[in-house]
Amino acid sequence: MNPTIEIEQLSTGYRGKKRTKVVATNIDAQICSGELTCLLGSNGVGKSTLLKTICNFLPPLHGQIHIMGRLLGGYTDAALAKVISVVLTDKLMIRNMRVDELVSLGRSPYTGFWGVISNTDRAIVQHALQLVGIPHLAHRMIHTLSDGERQKALIAKALAQETPIILLDEPTAFLDYPSKVDMMQLLHRLSRKENKTIFMSTHDLELALQIADKIWLLDKEKAVQVGTPEDLALQKILHRFVSHQGIQFDSPSGLFRVAYSYHHTIAVEGSGDAYHLLCKGLNRHGIATDSQKEMPTIPITVYCQEGRRPAFHVRTSKETIVHSIEEVLQLVEKHL
């Protein structure tokens with residue numbers, strides 16, 4: 001995997017007439033072909049500013065950016081359009097344009113002054129639609145698409161541009177959860193199969209940790225920390241990244257969990273899905289299980305019996321058998 005973007009001592013921000021606003025400093029990192037790299041950071045830390053600087057929408061305040069081994073400032077706009085394609089987060093407010101017409105705009109760097117689309121361009125557009133899985137939408141109007149379909153059309157446009165690098169700003173921002181997963185998996189697949197350098201900003205931390213090849217953690221104090229999700233976990237960097245009260249990093253799974261405050265402990269016995277989901281429900285109610293605490297503090301024992309219809313034996317002064325976790329929680333709450 002070869003570095004296609006190399007950043008050295010970069011500072012990003014905005015130059016004004018009276019003063020310069022510095023957003024991020026001392027950024028040293030590189031992005032490789034064939035990888036999906038996700039940029040993570042809190043609101044206002046400068047993710048969009050960094051993306052705009054890499055694609056030359058904003059000039060660097062300090063430092064250097066090399067694209068494909070060439071200094072970013074050495075590219076003309078026309079030459080850069082054949083190297084980097086950009087997908088922004090803004091919703092399209094387009095009417096009276098078909099999907100294939102939108103994707104055809106990606107051919108603009110190659111069609112000359114008159115923008116005439118050749119048969120070769122049409123074949124490239126069709127191939128781009130197939131890569132993102134929407135060839136059947138080619139003749140649909142843009143304004144009739146769902147958010148997920150519209151985002152795939154924009155990615156197809158970027159693919160039709162035939163650039164080795166694709167930059168995306170919050171591509172999953174307006175999508176429901178299944179569509180977010182589908183979008184992230186699509187981008188990961190394109191990075192591998194098409195050998196693209198795909199760099200995207202996102203707030204979907206959990207998905208990025210599960211799907212991305214590399215993570216960039218942007219922090220005002222420590223600039224950018226780069227690594228695979230697994231290495232960042234081993235180095236305890238992810239632990240520190242989200243250190244807010246109520247959130248904890250689960251090292252075995254490599255994901256973040258809600259940190260519950262426990263007020264009581266009961267004994268829970270069993271195994272399988274019913275056991276684990278019951279523990280989850282109890283935890284949400286501030287009740288720990290004896291597998292989490294050393295000694296039970298409330299004289300209640302729940303035994304989970306697996307089966308086609310799970311049964312929960314709630315033992316207090318007597319034994320009650322129920323068949324839903326909601327009923328278990330109600331019985332336990334009565335004895336608190």
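The values are calculated or read from the model by the stated rules, or taken from the named source; none is laboratory data. Note that the structure is a prediction, hence the values are computed from the model and not measured. Cβ sites come from the backbone with ideal geometry, for glycine too, and all protein chains shown count toward neighbours.
Annotations
- Candidates 143, 127 - the one that is under 22 Å from residue 183 (Cβ atoms) and surrounded by fewer than 13 Cβ atoms within 10 Å (Cβ to Cβ): 143
- Which numbered condition residue 308 misses (of (1) exposed (fewer than 13 other Cβ atoms within 10 Å of the Cβ); (2) more than 37 Å from the chain's Cα centre (by Cα); (3) farther than 24 Å from residue 261 by Cβ): (2)
- Taking every residue in region 318-329 that is assigned by TED's automatic domain parsing to the domain that holds residue 303 and pairing it with any residue that is exposed (fewer than 11 other Cβ atoms within 10 Å of the Cβ), at least 6 positions away or on another chain, the pairs with Cβ-Cβ distances below 8 Å are 323/309.
- Segments classed as helices (runs of 4 or more DSSP H), wholly inside region 45-104, with at least 3 members that are among the hydrophobic types (A, V, I, L, M, F, W, C) and touching a residue at least 40 places away in the same chain (Cβ under 8 Å): 47-54, 99-104
- All of 232, 217, 207 fail the test of being in the same structural domain as residue 89 (by TED's automatic domain parsing), assigned to a strand (DSSP E or B) and either closer than 27 Å to residue 179 by Cα or touching a helix residue (DSSP H, G or I) at 6+ places or on another chain (Cβ under 9 Å) (or both), apart from 217.
- Residue check, residue 191 assigned to a helix (DSSP H, G or I), in contact with a strand residue (DSSP E or B) (Cβ under 8 Å, 6 or more places away or on another chain) and among the hydroxyl-bearing types (Ser, Thr, Tyr): yes
- Across region 144-168, the number of residues qualifying as modelled with pLDDT under 95 and over 12 Å from residue 132 (Cβ atoms) comes to 4.
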